[in-house]
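The values are calculated or read from the model by the stated rules, or taken from the named source; none is laboratory data. These figures come from a predicted structure and were not determined experimentally. We place every Cβ from the backbone using ideal geometry, glycine too, and count neighbours over all the protein chains shown. Remember, those area values only see protein heavy atoms, side chains included, never the ligands or the DNA or RNA. Shrake-Rupley method; radii C 1.70, N 1.55, O 1.52, S 1.80 Å.
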Amino acid sequence: MGDEGWIELKFRLADGTDIGPSKYSQFTTVASLKENIIAQWPKDKENGPKMINEIKLINGGKILENNTTLSEARSIQICEHPGMVTTMHVVLPPSRRDEKLQNEPPVKNSCVCCIL
């Protein structure tokens with residue numbers, strides 16, 4: 001069978017670093033890809049995802065649904081270019097700390113000035 005039915009993927013993180021490339025079966029689901037991303041998340045990066053629902057995978061400008069297989073994802077051209085690596089973008093929600101900062105009211109200047 002060789003490489004037929006296998007897709008080589010890498011996952012691009014927001015800071016421009018990559019996870020992979022690795023080969024996956026065309027029957028691999030997006031949920032399985034997300035589980036692999038969590039397992040391979042770089043240890044030196046903060047705020048890594050803990051659950052697959054925290055991750056969005058984007059390929060060809062489309063967000064891929066968890067139950068979709070690679071062969072069902074129309075934006076991935078399977079076996080069209082042997083040896084080519086497909087890059088998927090990994091998007092995470094803002095960190096809880098960033099959300100907390102956005103929800104807090106602006107800090108008022110508490111400086112008191114007096115002109116004599």
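Here are the numbers for the structure shown:
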read-out: Exceeding the 19 Å Cα-Cα cut-off - candidates 10/34; 23/45; 23/50; value: 23/45; 23/50
read-out: P(r) of the range 6-91 over all Cα-Cα pairs, binned every 5 Å from zero, in whole percent; value: 3, 15, 28, 29, 16, 7, 2, 0
read-out: Ordering of 42-53, 27-38, 58-69 by packing [mean C-beta count within 10 Å, highest first]; value: 27-38, 58-69, 42-53
read-out: Sulfur and carbon atoms: percent of accessible area, the range 6-91 [1.4 Å]; value: 49 percent
read-out: Contour minus Cα-Cα distance for residue 15 and residue 63 (0.36 nm per residue); value: 15.4 nm
